[in-house]
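The block underneath contains the structure these notes are about, expressed in structure tokens.
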Amino acid sequence: MIEMLNTGKEQLIENIKILLYKEKEDVFEFLDFENDSIYQEPLFFAYFKEKRKKQLDPIIFGFINSEICKKDICTLSDENGRIYIPNIGWLICKQKNTKFNLSELIKEAHIKESSFALEPLLFIEGTNIEILKYPVELLKQFYYDEHLNSIEVEIEKITKRHIKNVTTAFNLIKKYAPEHFDLIESVTKKIVIFNVDTNLRNSFATLSAHGIAFFNAYQEDYNEIFFVDDIAHQTGHIIFNALIYDIDKFLKVKPSTVVQEIKNDFGIVIETRDIHVLFHALYTYYTTFICLDVMLDSREFTNEKLHELHGRMKFYLGKCLLDFIVIDNPINNYSGAEKLFTDEGLEIYSLVKNKYFEMSNKWFPVVEKYKLNNQLYNFSYSLFKDLNPL
């Protein structure tokens with residue numbers, strides 16, 4: 001599995017190098033071609049996705065190995081009077097939508113009495129993962145609802161509110177699931193904590209911002225337990241995107257193939273997800289089981305937090321089972337999966353299925369008593385407590 005992941009990462013990096021060369025033929029005269037960490041910068045993926053191509057130079061500015069090559073690079077401040085420079089920091093300009101020379105502005109920001117400031121990058125303590133504490137203009141292209149309408153995304157306030165929770169959660173995973181944490185850190189370069197009504201959009205996860213995990217912290221009672229869950233889920237998408245980058249190696253059918261459509265008596269379609277989406281969902285259950293399992297085994301938690309962990313485990317056991325039924329019914333065979341997946345795909349599918357059976361055997365006797373019939377798409381601990389008081 002590690003070999004598959006590394007192959008996918010190498011393909012992603014190679015693709016970015018090719019796109020950069022096509023965009024700017026002299027790019028490797030001032031960027032280190034051999035330093036693959038440069039080419040995992042998520043904003044490169046976002047840059048090449050956006051139809052209205054913005055300047056490339058401000059993205060690569062912090063990776064350029066020559067001051068001479070930097071001296072003429074300019075960019076506009078955003079609507080909040082800030083400029084984000086990967087690998088360097090946040091330039092606080094105050095002037096909105098104003099053109100600045102980056103080298104000159106950085107020099108000015110270091111002057112004691114300057115009206116400009118350079119805020120350092122913010123990293124999750126104990127990790128190499130950066131928190132994007134302010135909105136980044138290039139990422140706005142991904143902030144849209146299910147009807148593709150742009151939506152406002154609050155980031156700054158919700159990040160300040162949850163920085164302790166997300167830091168605690170990452171370090172809990174690092175402590176109790178160190179091998180899985182290494183996988184997370186190998187592909188996750190940045191995170192965004194945001195606050196959006198889940199009826200508008202649940203997640204902004206996308207290969208076009210590869211390396212960024214987006215966490216929607218919209219419920220009032222979210223704590224480090226939520227973040228352990230959502231870190232497992234959202235970084236699971238990133239790991240899986242790298243793992244199956246060459247999707248044709250893993251599927252016998254087109255990724256857009258809808259596995260099953262079930263209509264009830266009212267004519268409402270129950271299942272319309274394609275195999276690519278369903279495969280992603282199954283893999284994120286796998287990563288979520290890994291993290292919830294070690295948290296339950298850790299004995300770190302008592303009372304409400306342990307109660308919540310039990311509720312989340314029961315919730316995902318149920319969701320995972322339903323998705324297996326879509327593919328294999330009964331789920332103890334592989335009759336459906338063998339028609340959909342290649343040998344490589346079946347290897348991953350079997351990994352997930354085996355983890356599900358392991359978790360079901362281990363935890364279902366513990367969580368069986370809990371009721372979940374008031375839960376919506378996302379787990380809500382407040383709703384869980386209504387039916388399952390401590």
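We did not get these values from a lab; they are worked out from the coordinates using the rules stated. Please read all numbers here as calculations on a predicted model, not as lab measurements. Here the Cβ positions follow ideal geometry from the backbone for every residue, glycine too, while neighbour counts run over all protein chains shown.
Computed values, structure above
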| read-out | value |
| --- | --- |
| Violating pairs (Cα-Cα greater than 29 angstrom) within the set Lys22/Lys160; Lys70/Lys190; Lys339/Lys371 | Lys22/Lys160; Lys339/Lys371 |
| D (Stokes-Einstein, µm²/s), Kirkwood Cα radius, region 1-75, 1.567 mPa s at 4 °C | 98 |
| Charge sum, other residues only, whose C-beta stays under 10 Å from Asn171's C-beta, Lys/Arg counted +1 and Asp/Glu -1 | 0 |
| Charge dipole of the chain about the Cα centre (unit charges at C-beta), most positive-ward option of Ala109, Thr235, Asn97 | Asn97 |
| Sum of -39500 (n - 2.57) over DSSP H runs of 4+, divided by residues of the chain (222 nm, nearest 500) | -15000 deg cm²/dmol |
| Neighbourhood charge, 11 Å Cβ-Cβ cut-off, centred on Lys71 and excluding it, Lys, Arg +1 and Asp, Glu -1 | -1 |
| Cut-off 12 Å between beta-carbons: net charge of the residues surrounding His180, Lys and Arg +1, Asp and Glu -1 | -1 |
| Lys, Arg +1 and Asp, Glu -1 on Cβ, resulting dipole of region 228-381 about Cα centre, debye, nearest 20 | 300 |
| Pairwise label distance in nanometres, Asn6 with Glu79, each label 7 Å out on the Cα-Cβ vector | 4.5 |
| Rounded, prolate or oblate (a/c below 1.5 giving rounded, otherwise prolate when a/b exceeds b/c) for region 278-348 by Cα gyration tensor | prolate |
| Charged-residue dipole, Cβ positions (Lys, Arg, Asp, Glu), the chain about Cα centre, Debye nearest 20 | 720 |
| Centroid-to-centroid separation of region 1-55 and region 126-202 [C-alpha atoms, Å] | 22 |
| Antiparallel DSSP beta bridges within the chain, percent to nearest 5 | 70 |
| Relative exposure of Ser360, Ser114, judged by other C-beta atoms within 10 Å (fewest first) | Ser114, Ser360 |
| Only Lys, Arg (+1) and Asp, Glu (-1) charged, at Cβ; region 1-120 dipole about Cα centre in debye | 660 |
